[in-house]
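Here's the structure we're looking at; comments come further down.
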Amino acid sequence: MNPAIDAFLRSWPFNPTLVLSLLLTAAIYCRGWLELHRRATLRWHERQLAAFLTGLTAVFIALGSPIESFSSLLLSLHMVQHLLLLMVAPALIWLGAPFFPLLRGVPEAVRVNWIEPVLRNRGLRRFFARLSHPLAALPIYIATVWLWHAPVPYEWALRSESSHYLEHACFFAAGLLFWFPVIRPAPSRPTWSTWLLVPFLILADVQNTILSALLTFADRPLYPYYTEVPVLAGLSAVRDQSVAGLIMWVPGSVAYLVPLFVIGVRLMFPVGARVPDARAGAIGASRARVQLPVLQLAILQPPTASNGFDILGIPVLGRFLKWQHARLALQLPLAIVAAVLIIDGLRGPQIAAVNLAGVLPWIHWRGLLILALLVVGNFFCMACPFTLPRRLAGRWLGRGKTWPRWLRTKWLAIALFALFLWAYESFSLWNSPLWTAWIAIGYFLGAFAVDGLFRAGTFCKYVCPIGQFNFVQSLVSPFEVKVRSPAVCASCRTHECIRGSDAIPGCQTRLFQPHKASNMDCTFCLDCVHACPHENVGVIAGLPGKELWRDSFRSGVGHFGRRPDLAALIVLLVFGGLANAAGMVGPVVELQDRLRLRMGGLPTWGVTTLFAAVSLVVVPAIAVGLVACVSRSCGQIAGSWIDVATRFSYALVPLGFGMWLSHYSFHFLTSWETVVPATQRAFQDLGWKFLGEPRYQCACCRPVGNWLLRLQILFLDGGLLLSLYTGYRISLTQASKTSRSLSAFAPWGILICLLFVAAVWIVFQPMQMRGTLPGAA
Ligand code: SF4
Ligand code: SF4
């Protein structure tokens, strides 16, 4: 065993006062709880007992385990100790509703003669009520945390045992004070509004983020004490400080955001209200109570947003998009760019950073694509040049064959997307302009053949992996192509939006506007806009992600909850997003290198194949399968675990989107200038020198500012919150009682949080600057 780990495991401090105090408290609580439980079994639940005892255990781990011994050697372990005392232990202790059990647990004489007179004291009660008011508890908590993390008091606490005890006592007391208004243990009856807790928790998270960022990004040790102690586990004082900052940042933020989410949901949807998905045929939907508040009813209405903001109403842009040849006008320039890219990829220098095929698709197109999905929607499918030769193909190849029924799912596209992710790493596609050019050629030929032989739209709907990526990610886009007024559709008899009119095709992916919901399978081609004689279709704003938790029938798609192929696609995209980003961070690359050496010089593709198999198949299958089984059992959901996995997998979409967004925007924002020298070089090779000599210094990535890391974390935070909320909303449609819904949701919430932690870890790692010329600046 590693000597440092061995020493750690053997370093249990001997603190009899702590152990006896904790054991005595536990014994008193258990005695009182048992008595109360005997009298009112339903009110005094085992959960409270477990929470309280776990809270005491957290205190013991913080102060009586090797963490205490090593906290003076590693700042990161000291931070773990602080988080246990500030967040974990106090919250768990309050969740144990300790007042009555502790009172009942002490001998009667002590209670009657000593404790009750103190508790009856009005002045004391008033003082505690004021102290535990959010407006008092928050400043006290923040002041305590910041004061003790200032260099001078922190150093003082490290060098003096008594002040170290004082620091821990302050943290634990401040933690109890902070979590009291959040948890409100019985029998407290707060007089203030629960809404106060929303800014309360947000401010707590903001101060936590600022303090942890100061620690994470400091380029010198803030606490000189740690420069004087031996270096452990190869962690220098500055690195150790960054790790401490991260520990405070990520689990700390989760500790504030999870209760914020729960409280927000409770405020918006008071307990007792259920959200049955009447039209969904969802698992367990028939058992849902019909008692809906107005807000939920509004959400469950069919997609009727006739008065939302409509992009087609914007003066110049709207007119352009309504123009029948708008798509062609966007496709033609991109087709020219694609042609130039292919020629440069085939004939230009095979150095990714100076070749248009090395920079345009892997840095610019991916970055702009994901940013467009975030801001507007699937407009890149609209401008897609691969479908341009479609009409020609139909004329040459005869078009009209029906795509085989057994292929009318996403399984083929899933296989192609997994193949792409594997090939990307195995053959370093980003680093090969030649491969990139051949992929683009293959794409043109594939689209030409499929849409030439089969009905138009077949390639987009069933084959194209990029299209599937866009369809899934655009489920969280703010805009959707949909009808302006359902009443107009109700009186329409001609249905040109799906049948087409003389010159304009109807929807080629078979989405009938009156029953279309969400962006799934919508290429934003706007044929329905041009075909509808009543001008009843718009590109209308809506609540991002709302379609993820609805499970109504959708034209051309069916029910989300009955499409395991869609669920598998989502799981692949979520885990693929993490794996794709992880494949280019330092520790994972080192691990792969070590593995290669250990396996006797396995070729690169062998290791990447192993990595792809584990990250894209084994881990997702085990994680989602396990979580679905636990969720089904805890929530007592009818239906198989596959049904549960299918329905809940939609909750993962926002977090997966956050990962892709964070990853692709990183490359785009750090390396967008690479297009300059690549274009100058391509023109120079053609003999056109008017763009000047290639400025190769632009091919070097820009320095990564702290703002970019914060932006990436923000994207992930947004994904986390929307994923948690979506999971919760889905759970409400699956179980018959609120408590069961929460039990069904809990395993998915844990999986989402674990994926979030993995994503944050990835963005904090040094990332390979692919497609750039390091050192050219
Ligand atoms: S053609 Fe227009 S009005 Fe008729 S069903 Fe389609 S979208 Fe509605
Ligand atoms: S609904 Fe169909 S026709 Fe309308 S924009 Fe989407 S894919 Fe095109």
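Measuring max minus min along each principal axis, the C-alpha atoms of the stretch 485-613 give extents of 71, 33, 25 Å (largest first). Residue by residue, the stretch 328-335 carries 3J(HN,Hα) couplings of 4, 5, 7, 6, 4, x, 5, 5 Hz when phi is fed to the Karplus relation 6.51 cos²θ - 1.76 cosθ + 1.60 (θ = phi - 60°); x denotes Gly or Pro.
Lys-Lys pairs in the chain that are eight or more residues apart or on separate chains and whose Cα atoms lie under 29 Å of each other come to 19. Quotient of the Cα radius of gyration of the chain and 2.2 N^0.38 Å, N being its number of residues: 1.08. Between Arg554 and His559, the built amide H atoms are under 5 Å apart, and every one of these is 5 or more places off in sequence or on another chain. Rounded to the nearest 20 debye, the dipole magnitude of the stretch 374-501 is 700 debye, with +1 charges on Lys and Arg beta carbons, -1 on Asp and Glu beta carbons, and the Cα centre as origin. Placing unit charges on the Cβ atoms of the charged side chains and taking the dipole of the chain about its Cα centre, the candidate lying farthest along the positive direction among Gly556, Gly635, Tyr223 is Gly556.
Each residue of the stretch 463-480 is assigned a 3J(HN,Hα), and the resulting list reads 10, 5, x, 5, x, 5, 4, 5, 4, 5, 5, 6, 5, 10, 6, x, 10, 9 Hz, derived from the Karplus form 6.51 cos²θ - 1.76 cosθ + 1.60 (θ = phi - 60°), x at Gly and Pro.
Taken as Cα centroids, the stretch 710-731 and the stretch 551-577 sit 18 Å apart, rounded to the nearest whole angstrom. The magnitude of the dipole of the chain, with charges of +1 and -1 set on the Cβ of Lys/Arg and Asp/Glu and taken from the Cα centre, is near 2540 debye.
Label sites at Ser160 and Thr54, each approximated as a point 7 angstrom past Cα along Cα to Cβ, lie 3.7 nm apart. Note on the stretch 66-143: Kirkwood hydrodynamic radius from all Cα pairs is 15.6 Å, rounded to one decimal. When a 1.4 Å probe is rolled over the protein heavy atoms, the share of accessible surface on the stretch 146-205 that falls to carbon and sulfur comes to 71 percent. Applied to the stretch 433-450, the Karplus parametrisation 6.51 cos²θ - 1.76 cosθ + 1.60 on θ = phi - 60° returns per-residue 3J(HN,Hα) values of x, 5, 4, 4, 5, 5, 5, 4, 4, x, 5, 4, 5, x, 5, 4, 5, 5 Hz, with x for Gly and Pro. A convex hull fitted around the alpha carbon atoms of the stretch 2-151 yields 148 Å³ per residue. Projecting the Cα atoms of Tyr728, Leu373, Trp707 onto the charge dipole of the chain, computed from C-beta unit charges around the Cα centre, puts Tyr728 farthest toward the positive end. Each of the peptides 497-510, 546-559 was scored by the mean count of other Cβ atoms within 10 Å over its residues; in descending order, highest first, they stand as 546-559, 497-510. For chymotrypsin sites (Phe, Trp or Tyr not before Pro), the sites in the stretch 169-253 that DSSP calls loop and that have at most 16 other Cβ atoms within 10 Å are Trp192. Along the axis of the charge dipole computed for the stretch 376-520 (Cβ charges of +1 for Lys and Arg, -1 for Asp and Glu, origin at the Cα centre), the listed residues Gly500, Pro389, Val483 are led at the positive end by Gly500. Charges were assigned to the Cβ only: +1 to each Lys and Arg, -1 to each Asp and Glu. The resulting dipole of the stretch 521-678 about its Cα centre is roughly 540 debye.
The values are calculated or read from the model by the stated rules, or taken from the named source; none is laboratory data. Please read all numbers here as calculations on a predicted model, not as lab measurements. For neighbour counting, all protein chains shown are included, and Cβ atoms are generated from backbone atoms with ideal geometry for every residue, glycine included. Accessible surface is based on the protein model in full, side chains and every heavy atom, while ligands, DNA and RNA are left aside. Shrake-Rupley method; radii C 1.70, N 1.55, O 1.52, S 1.80 Å.
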